[in-house]
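To keep things clear, I will list the structure first and then write my remarks on it.
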């Protein structure tokens, strides 16, 4: 096959490519920073011709043009599998809906026919001599989505790093129906997340749980990034990486010599991930780097795959946790903030790992209008999503310490959590635990 000839035959303008979309179609965008703003703009320009086009994305980092140009949602209905800050703002204005997802199951939704896209719109790197275009920083569900779609449109962007596998990190020209050349705009870079003194205190406690030869997963947010920064300034040795998201701090750890991966049981020596978001430093590090291995999320986030490595330390954030140990990491009441993502996958998988620990980290309280509002609550508020069930929660960390909940009664769990709550709310939490009949006074314990 002459791949260059096939490439040329399939090359069209963005405007011509999106003509394939019909009213009522399901259109699936790319993931994270691999969303195509070029194809989004071309589709949005057809607004007046189309009605009820369902559009899905995974953590779209910007408000799409289809949303901005259709505030009444008559033409495009936008949905996101995991909210970014942009999707959250759209949701607040009733312009985006959330799709519930336990991340490792994502590809199976397409493979089982639960989700049947009519058109996939993705961003890829330039075609290589073998006819493959690299999927760049987002492996995740991309190939499963493309294989399930009737039509695949790919924007080729020369700024996309060549992210090596792993597996299923590239798509062949024979699997693409239309090629579009964009403006080669650099990938979106994440802004630096503000770090508080509380984040630093929590990170220091987490550091006490990390030892030489541990296998790390870091979630998104300021606190996990601080942990990465502290590791990069430490003398920890022979760390392995099996994570969902790859961020800049992994580059620092690798360059400092903390990461070798030589004691991993699976993918020995490799930094395993399913998507990456960060700055140019991270994207440059990934480009054609054989130490990094990109895999579909059904591989990276499979709890049983995670558990094959020993000493897995999974570090994740939460919004709040109740006295039963139920963790909400994705909503504030009914307001969707992010998504389930892979938090459940890694907390469950880390516990199954020999020597593993799943850490849920959160600031003990917020100060609102001069009042201390605890993030350790008697019960989760109405509408709050349970991201990690109480039966799965292992360790919880605040700036006041660490609580281990496995194997403990309701009152023991409550006591552990109250001990790491903000001091100003501990007495009130004790009272509520008594009212909820999950607290045992010492005077009630038989001699």
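Using Stokes-Einstein with the Kirkwood hydrodynamic radius over Cα pairs, what translational diffusion coefficient do you get for the chain at 20 °C and a viscosity of 1.002 mPa s, in µm²/s rounded to a whole number? So the translational diffusion coefficient is about 94 µm²/s. Which whole-number percent gives the relative contact order of the stretch 300-447, counting Cα pairs below 8 Å spaced six or more residues apart? Relative contact order comes out at 25 percent.
Among bridges DSSP assigns within the chain, what percent are antiparallel (round to 5)? The answer is about 25 percent antiparallel.
Once both labels are positioned 7 Å from their Cα atoms along Cα-to-Cβ, the gap between residue 404 and residue 11 label points is 6.1 nm. As a length-normalised measure over Cα pairs under 8 Å and 6 or more apart, the relative contact order of the stretch 197-435 settles at 18 percent. Between the Cα long axis of helix 410-419 and the first principal axis of the chain there is an angle of about 90°, rounded to the nearest 10. For the chain, what's the relative contact order in percent, using C-alpha pairs closer than 8 Å and at least 6 residues apart? The normalised contact order for the chain reaches 13 percent. Reducing the stretch 273-333 and the stretch 23-102 to their Cα centroids gives an inter-centroid distance of 24 Å. Under a Gaussian network description of the chain, with springs only between Cα atoms under 10 Å, the residue in 389, 117, 224 that fluctuates furthest is 389. Listed by Cβ neighbour count within 10 Å, with the fewest neighbours leading, 62, 103 appear as 62, 103. The helix-only estimate of mean residue ellipticity at 222 nm for the chain, built from DSSP H runs of length n ≥ 4 each weighted as -39500 (n - 2.57), is -7000 deg cm²/dmol after division by the residue total.
DSSP beta bridges fully contained in the stretch 11-181 are about 15 percent antiparallel.
Sorting 417, 164, 39, 187 by the number of Cβ atoms found within 10 Å of their own Cβ, with the fewest placed first, yields 164, 187, 417, 39. The GNM of the chain, with springs linking C-alpha atoms under 10 angstrom apart, assigns the highest mean-square fluctuation among 175, 217, 326 to 175. Global dimensions of the stretch 197-435 from alpha-carbon coordinates: Rg and Dmax equal 17.7, 59 Å.
Rule-based calculations on the coordinates, nothing more; no lab input. Fair warning: this is a prediction, and the values are worked out from it, not measured in the lab. We place every Cβ from the backbone using ideal geometry, glycine too, and count neighbours over all the protein chains shown.
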